[in-house]
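Okay, structure first, notes after.
The values are calculated or read from the model by the stated rules, or taken from the named source; none is laboratory data. All figures in this text were calculated on a predicted structure; none of them were measured in a lab. We place every Cβ from the backbone using ideal geometry, glycine too, and count neighbours over all the protein chains shown. Remember, those area values only see protein heavy atoms, side chains included, never the ligands or the DNA or RNA. Shrake-Rupley method; radii C 1.70, N 1.55, O 1.52, S 1.80 Å.
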Amino acid sequence: MLLLVFNAGSSSLKFDLLDCTPEGAPRRIKSGAFVDRADGSGDLVLATAPPVPPVPAPIRTLAAAAEFVLAWLADAGAQGRNLIADVAATVHRIVHGGERFSATTRLDAPDLAALAELDELAPLHNPPALAVIAAVRARLGTGVPVIGVFDTAYYANLPEAARRYAVPARWYRDFGIRRYGFHGTAHRYLCAAARARVLTGKPTGRVVSLQLGRGCSVTATRAERAIATSMGFTPLEGLVMGTRCGDLDPGALLYLMERANLSPAEARRLLNTESGLQGLAGSGDMQELLRREQQGDSGAQLAIEIFCRRARHYLGAFVTELGGVDVIAFGGGIGEHSAEVRRRIVSGLEWAGITIDEEANRSADAGSIGAPDSWAAVEVVRVDEASVLAEEAAALLRRAA
């Protein structure tokens, strides 16, 4: 079964063509990503291994990027055969599913209309994903199923005490105000991959996973069920992120809206695109901030300390929530590649028996970094969301068949 997986970010589009069988892990046929051009031109450039022919014209939108991918895969001259003709379905990561979408779903026109109503809850991610889906449907028609896999689905069964806010009950009843959680596909992969590495006979039921990238979140999982998450009603809550604020007193926001005469739309934009590391230090790029810190930049130093302090806060809280921890898993661009950030987050948790091997930490982009005497395994995982998305979609198609 060939599945074409699209993972739309706010300004990037990853794609993977995978062959899924019931017996084993999905096998990649083609993969790549459209990402921002470094020169700031606004163009998206295609990166694949091996490289594909240059894009013939500037591509500015994710919808146009999806159209290029579909045309490229359909080009029998380039591929040897029309791969699109064999695709059983296209699969799309969607950040926010609201109350309606709590599991992987085949998306038809009414579902897509309902999803569009959630755009303002995840403004950086849901609209681009829907634009990609629209481009796919325009090219392939409605005969090829479109399947949505939702970040929020991993948290559909959060304990009620973990998902409810202390606000008037009618807000939940009438407007669905609750904690939804995000990065669910990443955390599912993190937990499974990290647990699989732990030596036989060691406990693995209590996992704290940290997905640290442009967006950041922490999840506590017990026996493969998420019981707590740092993200909330929208992806704004929780950790400091590249351009998102994380935890913020709502009173401060109300005060600012009144004093600065900010509209809700302007406040939403500022919290999503001009806050976080960007707001603190003028850049959402952790590697740049670490370089600036080495050069004595106090603003970068403060931003990094706030980032690590918030992550350490949630890590410690979730260890308590679980009654101890068996596995800590780091993933995402920062979690995988920044040994210094990992070190600072774990530093100070020796009282809980959590320690890392400094040499292993410095040399690992993926692997075990826990010290031999650490009570918890500490793992760095290279997250493969596409395989999770494909497996979810394949299972849905097999059930339907």
Query raised in the report: Looking only at GluC sites (Glu not before Pro) in DSSP loops with at most 13 other Cβ atoms within 10 Å, what is the longest site-free stretch of the chain?
Result: 275-401
Query raised in the report: What residue among 275, 298, 31 shows peak mean-square fluctuation when the chain is described by a Gaussian network model with Cα springs under 10 Å?
Result: 298
**Report entry** Whole-percent carbon and sulfur share, accessible surface of the range 174-297, 1.4 Å
**Finding:** 52
**Report entry** Calculated [θ] (222 nm, deg cm²/dmol) that DSSP helices of n ≥ 4 give over the chain, each run adding -39,500 (n - 2.57)
**Finding:** -12000 deg cm²/dmol
**Report entry** Using alpha-carbon coordinates, inclination of helix 250-259 to the longest axis of the chain, degrees
**Finding:** 80
Query raised in the report: What residues of the range 83-103 lie in the reach of a label at residue 400, counting those whose backbone N is under 14 Å from a point 7 Å from the Cα along Cα→Cβ?
Result: 87-92
Query raised in the report: Considering the zone a paramagnetic label at residue 55 would reach in this model (a point 7 Å from Cα along the Cα-to-Cβ line), which residues of the range 327-346 have amide N under 20 Å from it?
Result: none
Query raised in the report: Carbon and sulfur: what percent of the range 331-401's accessible surface (1.4 Å probe)?
Result: 50
Report task. With both partners inside the chain, how many of the DSSP beta bridges are antiparallel, as a percent to the nearest 5? Result -> 65
**Report entry** Solvent-accessible heavy-atom area per residue, rounded to whole Å², over the range 252-366 at 1.4 Å
**Finding:** 50
Query - Exposure rank, largest accessible area first [354, 177; 1.4 Å] - result: 177, 354
Query raised in the report: About its Cα centre, what dipole magnitude does the chain give when the only charges are +1 on Lys and Arg Cβ and -1 on Asp and Glu Cβ, stated in debye to the nearest 20?
Result: 640
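Could you list the square roots of 5 times each eigenvalue of the Cα gyration tensor of the chain, that is, the equivalent ellipsoid semi-axes, sorted largest first and rounded to whole Å?
Square roots of five times the eigenvalues give 32, 26, 23 Å.
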Report task. With only Lys, Arg, Asp and Glu charged, each at its Cβ (+1 for the first two, -1 for the last two), find how big the charge dipole of the range 147-248 is about the Cα centre; round to the nearest 20 debye. Result -> 260
Report summary line: Here the FRET efficiency for residue 266 versus residue 99, based on Cβ atoms and R0 = 25 Å and rounded to 0.05, is 0.35
Query - Point-charge dipole on Cβ atoms (K/R +1, D/E -1) for the range 278-401, about Cα centre, debye to 20 - result: 300
